[in-house]
Amino acid sequence: MADTATSVPPGSPFLTEERLAIQAMARDFVAREVLPVANELDPVGGEIPMELRAKMADLGFFGILIPEEYGGLGLGLSEYAIVVEELARGWMSVASLVARGQQFTAGFGVEQRQRYLPRMARGEFLSAFALSEPDAGSDVAALTTRARRDGTGWRITGQKMWCTFADGADYLQVFARTEPLDPAHRARGITCFLMHKERGTLPEGVRGTPVRKIGYHGWKTWELSFDDAWADEVVGEPGDGFRIAMGDLDTARVHTAARAIGLARGGLEDSIRYAAERVQFGRPIGAHQAIRFKIADMATEIEAARALMYQVCADVDAGRSDPVRASMVKLFASDMAERATSEALQIHGGAGYTTDYPVERYWRDARLTRIFEGTSEIQKRIVSDALLGRAGR
């Protein structure tokens, strides 16, 4: 089978020997541990097993970006993206899980970093992000969930949507208004709270209903109702919530790009195998130009997305963060992944439209990459505003 992940020319300044070793380790782990579990559990809506989470923790996947002083690996966005792509090649939900221990720490103070980062690096303190609301999705500043002072803590009341992993996480990161909405400065007055909980449960005062989603299986995504739920720990300072929610978007968007590339790669590699095995009209379908050209287009677009991702990663790791290019790679990779996985399903024909082959999983999950972490339309707005100036409202 063609190996599209290591097709960067030998001597590439990006794929150093150390990164190639990390890539090979992650790829072996996915082949042995992730793909068999995903192929068994995703078609029936099963959840990521705790044993798999423990194995990921043993390999340090939850601490790639956490400094060594806190027990992490102290690596960069480049290594993170390499691992995420490999994990997504097997199961996007697993590739998403690694973010829960290292991506949602913007705003943590010194004491919080000392207390929580070592546990995060070990996979023992994972988060769920309670930000979106029924009427506040892409428009984060429109949120209406309220928090009021109550002695030494706060009481939170409101509705949240799309809170993936709310039950399995060790804490919820909840965003609520601690000041009335100011129409002239809507982003002000939002505070980020850290709400501790036990795994497998929701916090006291929080009720939830799982969302009936078409993909992103392996864990539940929740609609949550907060009714005077208690929180006694603030992340950052009161009123810093919008800045925290928007913090480190380069990492989040590269993370989605890497997931999208992994999904597209899964579709491509499975299509190459299927095209060699499936015989029609007396020869493998891979002998037909229509199929060959589909595979050529898929492979080329994957390479283009990965090259842009590697460049964005290298710039971030060198201290040259560029939010516009991060938006570009998220936009390009997610749109590409939907096209590539759709073509992969087409190559598989009727078989692709069954749960007997994982290509339908890649297709369903790739569609989500165009929606979360900022829709494709949001990314186009960011890029066009940078090039043309902000459009009048």
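The values are calculated or read from the model by the stated rules, or taken from the named source; none is laboratory data. Keep in mind that this is a model prediction, so the values were computed, not measured. Here Cβ is always computed from backbone atoms with ideal geometry, including for glycine, and neighbour counts include all displayed protein chains. Remember, those area values only see protein heavy atoms, side chains included, never the ligands or the DNA or RNA. Shrake-Rupley method; radii C 1.70, N 1.55, O 1.52, S 1.80 Å.
Between Ala141 and Thr300, how high is the FRET efficiency from 1/(1 + (r/R0)^6) when r is the Cβ-Cβ distance and R₀ = 25 Å? Nearest 0.05. Before the final figure, lay out each step's value.
On the way: r = 39 Å, r/R0 = 1.57.
The pair Ala141/Thr300 has a calculated efficiency of 0.05.
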Discussion item. Can you show me the helix-derived [θ] at 222 nm for the chain, built from DSSP H runs with n ≥ 4 at -39,500 (n - 2.57) apiece and divided by the number of residues, rounded to the nearest 500.
Written reply: -14500 deg cm²/dmol
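Tell me the volume per residue, in Å³, of the convex hull enclosing the alpha carbons of the chain.
Convex hull volume per residue, Cα atoms: 145 Å³.
Out of all DSSP beta bridges in the chain, what portion is antiparallel? Express it as a percent rounded to 5.
Numbers: 30 of 37 bridges.
Expressed as a percentage, antiparallel bridges in the chain total about 80.
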Fill in: Inter-part distance where region 326-364 and region 19-86 are each reduced to a Cα centre, Å
22 Å
Discussion item. I'd like the carbon and sulfur percentage of the solvent accessible area for region 17-122, probe radius 1.4 Å, heavy atoms only, ligands and nucleic acids excluded.
Written reply: 52 percent
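First check a/c for region 9-151, with a ≥ b ≥ c the square roots of the eigenvalues of its C-alpha gyration tensor; if it is under 1.5, answer rounded, and if not, answer prolate when a/b is larger than b/c or oblate otherwise. Display every interim value, and only then the final one.
Numbers: a/c = 1.85, a/b = 1.40, b/c = 1.32.
The shape class here is prolate.
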Discussion item. Once you place label points 7 Å from the Cα toward the Cβ at Arg188 and Arg320, how far apart are they in nm?
Written reply: 3.8 nm
Worksheet, complete the sentence: Of 243-251, 341-349, ordering from highest average Cβ density within 10 Å down gives 341-349, 243-251
Worksheet entry | Cross-link partners of Lys330 among lysines (Cα-Cα below 16 Å; sequence separation of 8 or more within a chain) | Lys380
Discussion item. Given points 7 Å out from each Cα along the Cα-Cβ axis, report the Leu181 to Ala21 separation in nanometres with one decimal.
Written reply: 5.4 nm
Worksheet item: Hey, in the GNM for the chain with a 10 angstrom Cα cutoff, which one of Gly267, Gly123, Gly137 fluctuates hardest?
Response: Gly137
Fill in: By average C-beta atoms within 10 angstrom, highest first, the peptides 37-45, 191-199, 158-166
158-166, 191-199, 37-45
Worksheet item: Given springs between every Cα pair under 10 Å in a Gaussian network model of the chain, which of Leu52, Leu126, Leu268 has the largest fluctuation?
Response: Leu52
Response to the item:
XL table Lys55/Lys294; Lys160/Lys220; Lys220/Lys294; Cα-Cα > 25 Å flagged, in table order, is Lys55/Lys294; Lys220/Lys294
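Give me the extension gain from His288 to Asp150: residue separation times 0.36 nm, minus the current Cα-Cα distance, reported in nm with one decimal. Present the calculation step by step, with values, prior to reporting the outcome.
Values: separation 138, 0.36 × 138 = 49.68 nm, distance 6.98 nm.
Residue separation times 0.36 nm, minus the Cα-Cα distance, leaves 42.7 nm.
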Worksheet item: Alpha carbon centre of region 103-164 versus region 165-191: separation in Å?
Response: 7 Å
Worksheet entry | Sorted peptide list for 379-389, 210-220, criterion being average Cβ within 10 angstrom, highest first | 210-220, 379-389
Response to the item:
Label model pair Thr209, Ser225: point-to-point distance (7 angstrom along the Cα→beta-carbon line) in nm is 0.8 nm
Practice prompt. Mind checking the per residue accessible area of the chain for me, 1.4 Å probe, whole number of Å²?
Written response: 44 Å²
Item to complete: Starting from the Cα of Lys213, draw a straight line to each of the aspartates and glutamates and keep only those under 19 Å, dropping any in the same chain fewer than 8 residues away.
Response: Glu40, Asp42, Glu47, Glu133, Asp135, Asp167, Glu223, Glu338, Glu360, Asp365, Glu373
